[in-house]
Structure formats: structure tokens, C-alpha cells
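See structure below.
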Amino acid sequence: MLENKKILIGVTGSIAAYKIILLIRLLVKEGAEVKIIVTKAATDFVSPLILSTLSKNIVLQDLSLNSEWANHVQLGRWADVFIIAPLSCNTLAKFTAGICDNLLLATYLSATCPVVLAPAMDEDMWKHPSTKRNIETVKSFGNHIINVGSGELASGLIGEGRMAEPEQIITYLKETFFRTKELHGKTVLITAGPTYESLDPVRFISNYSSGKMGFALAEEMFAKGASVILVTGPTKEVLAFEGIKRVDVVSANDMFNACMENAPTSDILIMSAAVADYTPITIEKEKIKKKEDSLSVELTKTRDILFSLGQQKTSNQFLVGFALETNNEMDNALQKLHKKKADCIVLNSLNDKNAGFGYDTNKITILHKSGETVEFDLKNKKEVAKDIVSFIISKLND
Ligand code: CTP
């Protein structure tokens with residue numbers, strides 16, 4: 001998402017300036033082009049040499065350099081986004097008043113690109129009425145604010161005022177400015193993770209699904225501009241983007257209900273969850289006690305969400321199922337494709353090394369209802385999600 005994006009970073013005098021080293025590294029790693037302006041105070045906290053080495057560009061501080069004018073107007077036009085991080089209390093106040101006594105301020109005042117501010121200060125400064133007022137003022141100018149976090153501050157006190165972490169800043173930039181438009185206007189419903197089928201108040205039946213594949217799909221769909229609803233079973237996974245609607249469920253029955261509620265308004269439906277096929281007929285109210293040498297639990301079939309969605313699918317909906325197989329992979333996946341009336345099935349085999357449940361990597365084959373079959377190499381699940389989403393987009397545009 002950040003490939004070839006031009007990011008201008010303004011660094012002001014704050015202890016949080018050390019975090020900019022990581023921010024630059026992450027941006028450059030993702031393919032962004034980075035230029036940096038510092039204030040004089042910033043150079044007390046972070047060395048321009050580190051910043052220029054990591055960004056592969058000279059670091060600008062003065063309105064002129066070696067008798068040449070540092071063109072602040074051009075800088076603000078070059079950038080896709082200008083982010084001031086960390087933003088000190090002092091520079092914030094100058095922004096509100098339109099003061100222009102250094103290169104960073106001149107660039108801010110003449111920037112035509114979006115401006116993002118990541119404040120960093122001590123809690124008492126952050127909570128001071130003048131800071132509150134100044135933040136409201138710069139917001140009213142159309143500047144974007146990345147909220148401060150809570151935690152240990154430079155003063156040693158614990159409280160609000162920490163600058164957002166570099167990873168959060170990157171996610172904010174991606175979410176706010178760099179989503180693409182391929183799926184703009186489309187709503188995508190995705191299921192992820194395992195389901196838990198309760199036996200008693202402390203035990204359940206489940207499987208090893210981590211949810212990683214479904215989460216990666218949700219993020220990739222969102223990056224391509226779609227509105228995304230992710231219905232997920234219990235998982236440790238965390239979504240990168242705040243804009244994705246996450247619906248947490250526990251059992252197959254809960255997942256079924258959440259999908260039925262959201263399906264009618266969805267254009268693309270991707271069932272990547274490992275839903276339990278059977279659930280205990282009764283959930284014991286008290287903990288099951290250890291008595292006999294063996295124990296039988298009677299199970300009943302759960303409702304098949306993918307199958308039900310296939311039955312009610314409209315001609316405008318695109319339905320994707322998953323098949324995790326251990327034997328007769330292609331035949332089983334083809335049967336699922338037809339029986340469940342999906343548009344395509346993503347097949348992954350447990351016989352492929354490092355693929356499937358629990359791994360960060362996956363190896364898939366996509367079977368389309370037209371008979372087309374596309375095989376992919378073993379890849380990171382985020383890359384696999386890109387392949388699946390590109391495949392779906394190509395079929396929508398057929
Ligand atoms: N699925 C579903 N609801 C269920 C069971 C499965 O929506 N109650 C979906 C899965 O999310 C997946 C597809 O159906 O997209 C295939 O799931 P899988 O477990 O591989 O197949 P089953 O139909 O359950 O058949 P089996 O377990 O016998 O292979």
C-alpha cells in the first residue's frame with residue numbers, strides 16, 4: 001500500500017523523536033520514499049545523520065542550505081502526506097498562530113497535501129487547556145490527528161501523552177490515505193477462526209484454526225476499498241485497521257446467525273472459518289465429573305453456513321468457500337464447490353508442508369465454477385490473501 005508513496009516527515013523537539021528511526025525504517029521497507037525536515041530542537045534528541053542514512057535523503061533544517069533555498073513549497077507539493085511526528089507543544093502552538101520561523105513551519109503553512117499530526121508531550125502539558133484548544137484549532141484547519149497513547153512518559157510518570165507507535169502511524173496512513181478503489185462500494189462478509197462448541201461450563205470442542213487467513217483476507221479486502229465485516233470465532237488475532245467491522249462469535253450457531261444477518265447486504269461472501277460440523281446436543285449446566293473409564297457425548301450436526309448462503313445467493317453475490325483436505329483433495333473440493341453452490345473454492349491440503357492451520361504460510365489452489373483451476377506456491381498468508389482477492393476481483397470484472 002505504501003509502495004512509491006511519498007512521505008514527508010517533520011520531526012520536532014521531543015524525546016519521542018527516537019521513534020522516528022523505526023518509523024523511517026518501516027516506511028522504507030514498505031517501498032515508500034521518505035524525506036525529512038527537522039527543527040533545531042529535534043536535533044538535540046535524534047541525529048540527522050541517522051535520519052538521512054535511513055531515509056536515503058538529506059535531512060533539511062534551514063530555509064537555505066549551502067546558499068541554496070530549501071524550497072518548502074515544492075516539498076509540500078512533492079509529498080502525498082506530510083506527517084509531523086513527534087509534534088511538540090511548542091510547534092503545535094505555532095501552527096495555530098501561523099508562525100513561520102523555521103523550514104518545518106514554512107512547509108506546513110504551504111503544504112497542499114494532507115497533514116497528519118502525531119503529538120507527544122507530558123500528561124500535564126497534554127491536558128493543559130491551551131493544548132486542548134490548540135488541538136481543536138488545528139483540527140478545524142483540516143489537519144489529521146493521531147491520538148496520543150497512555151503509558152510511561154519521559155518524566156517517569158504514567159499517563160496520557162505518548163506519541164503513537166510507528167506501527168500505529170503506518171496503519172493510520174494506510175487506512176486514511178492509501179486504500180485503493182478496486183472494491184469501492186462493495187461490502188464483503190468474511191468468516192474466520194474456529195468455533196467453540198461447549199460441553200459444560202469449562203470445556204468445549206474446537207479445532208486448531210488460528211484465524212490468520214480470514215484476518216489477512218479482511219485486511220486485504222479493506223485495503224482494496226471494500227467495506228468489510230469480519231465474523232470471527234475465538235482467536236488471538238488483532239485487526240490492523242479500525243475501519244473493519246469485527247463481530248466476535250463463539251459457536252457455529254452464533255456464526256450462522258451473524259452471517260445470516262449480514263449476508264443480504266453483502267456483495268462478496270468468503271467463508272474461511274473452520275466451523276465445527278457437530279455440536280453437543282446438551283450443554284451440561286455443571287462441570288462433567290470424572291466417573292467411568294469412558295465417556296460418550298452425543299453430538300448433532302451444525303447448520304452449514306456456506307451451504308445456506310449458496311441456497312439464498314443472488315446473481316450479484318460472489319460466494320467463496322474454503323476446503324481443508326487431507327486426502328482426495330481435488331475431488332473433495334470440487335464436490336464442495338458444486339454442492340454448496342459457491343463461485344469458487346480455495347483448497348488447501350494438510351499434506352502440504354507448512355500450510356494450513358497454525359502456520360503463517362499457506363499453499364492454495366483456487367477452483368472456479370467455470371472449471372478453471374489456479375495453483376499457487378507456498379506463501380505467507382498475507383500474500384495468499386492478495387492472490388485470493390486479486391482472483392476474486394478478476395472474476396467480478398469478467
Ligand atoms: N462451512 C460452513 N459451515 C459449516 C461447516 C463448514 O460455512 N457448518 C464452510 C467452511 O467455512 C468452508 C467450507 O464450508 O468454507 C468447507 O468446510 P469443510 O470443513 O472443509 O467442509 P465440510 O463441508 O464441513 O465437510 P468435511 O468436514 O466433511 O470435509
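The values are calculated or read from the model by the stated rules, or taken from the named source; none is laboratory data. Everything quoted here is computed from the prediction, not taken from an experiment. We place every Cβ from the backbone using ideal geometry, glycine too, and count neighbours over all the protein chains shown. Heavy atoms of the whole protein, side chains included, go into the accessibility calculation; ligands, DNA and RNA do not. Shrake-Rupley method; radii C 1.70, N 1.55, O 1.52, S 1.80 Å.
Of all residues in segment 120-141, exactly one satisfies the criterion of being part of a loop (DSSP other than H, G, I, E, B) and over 30 Å from the mean Cα position of the chain (by Cα), namely 128. Would segment 195-210 turn up any residue that is part of a helix (DSSP H, G or I) and either surrounded by fewer than 16 Cβ atoms within 10 Å (Cβ to Cβ) or at negative phi (or both)? Looking through segment 195-210, none of the residues is part of a helix (DSSP H, G or I) and either surrounded by fewer than 16 Cβ atoms within 10 Å (Cβ to Cβ) or at negative phi (or both). Counting only residues that are surrounded by fewer than 16 Cβ atoms within 10 Å (Cβ to Cβ) and at pLDDT 95 or above, segment 113-128 holds 1 of them.
Quick one: is residue 321 open to solvent by less than 60 Å² (accessible area, probe 1.4 Å) and modelled with pLDDT under 95? Spelling it out, it is not the case that residue 321 is open to solvent by less than 60 Å² (accessible area, probe 1.4 Å) and modelled with pLDDT under 95. There is no residue in segment 153-173 that is touching a residue at least 24 places away in the same chain (Cβ under 8 Å), touching a Pro at 6+ places or on another chain (Cβ under 7 Å), open to solvent by 50 Å² or more (accessible area, probe 1.4 Å) and of a type in the set (Phe, Trp, Tyr).
When residue 226 is tested against (1) modelled with pLDDT of 95 or more; (2) open to solvent by 10 Å² or more (accessible area, probe 1.4 Å), just one condition goes unmet, and that condition is (2). Looking only at segment 298-318, filter to residues that are of a type in the set (Ser, Thr, Tyr) and open to solvent by less than 40 Å² (accessible area, probe 1.4 Å); which one of those is farthest from residue 385 (Cα to Cα)? Within segment 298-318, the match that is farthest from residue 385 (Cα to Cα) is 302. Taking strands (runs of 3 or more DSSP E) as the structural unit, those lying wholly within segment 313-398 and holding at least 1 residues that are in contact with a helix residue (DSSP H, G or I) (Cβ under 6 Å, 6 or more places away or on another chain) correspond to 318-325, 344-349, 364-368. Among the candidates 329, 372, the residue that is surrounded by fewer than 20 Cβ atoms within 10 Å (Cβ to Cβ), out of contact with any Asp or Glu (no Cβ under 9 Å at 6 or more places or on another chain), more than 18 Å from residue 189 (Cα to Cα) and modelled with pLDDT of 95 or more is uniquely 372.
Checking 326, 314 one by one, the residue that is over 28 Å from the mean Cα position of the chain (by Cα), β-branched (Val, Ile, Thr) and more than 10 Å from the ligand (Cβ to nearest atom) is 314 and no other. Does residue 271 meet the test of being open to solvent by less than 20 Å² (accessible area, probe 1.4 Å) and closer than 21 Å to residue 317 by Cβ? It is true that residue 271 is open to solvent by less than 20 Å² (accessible area, probe 1.4 Å) and closer than 21 Å to residue 317 by Cβ.
Against the test of being polar (S, T, N, Q), in contact (Cβ under 8 Å) with a residue 40 or more places away in the chain and open to solvent by 80 Å² or more (accessible area, probe 1.4 Å), the options 232, 265, 282 yield a single qualifying residue, 265.
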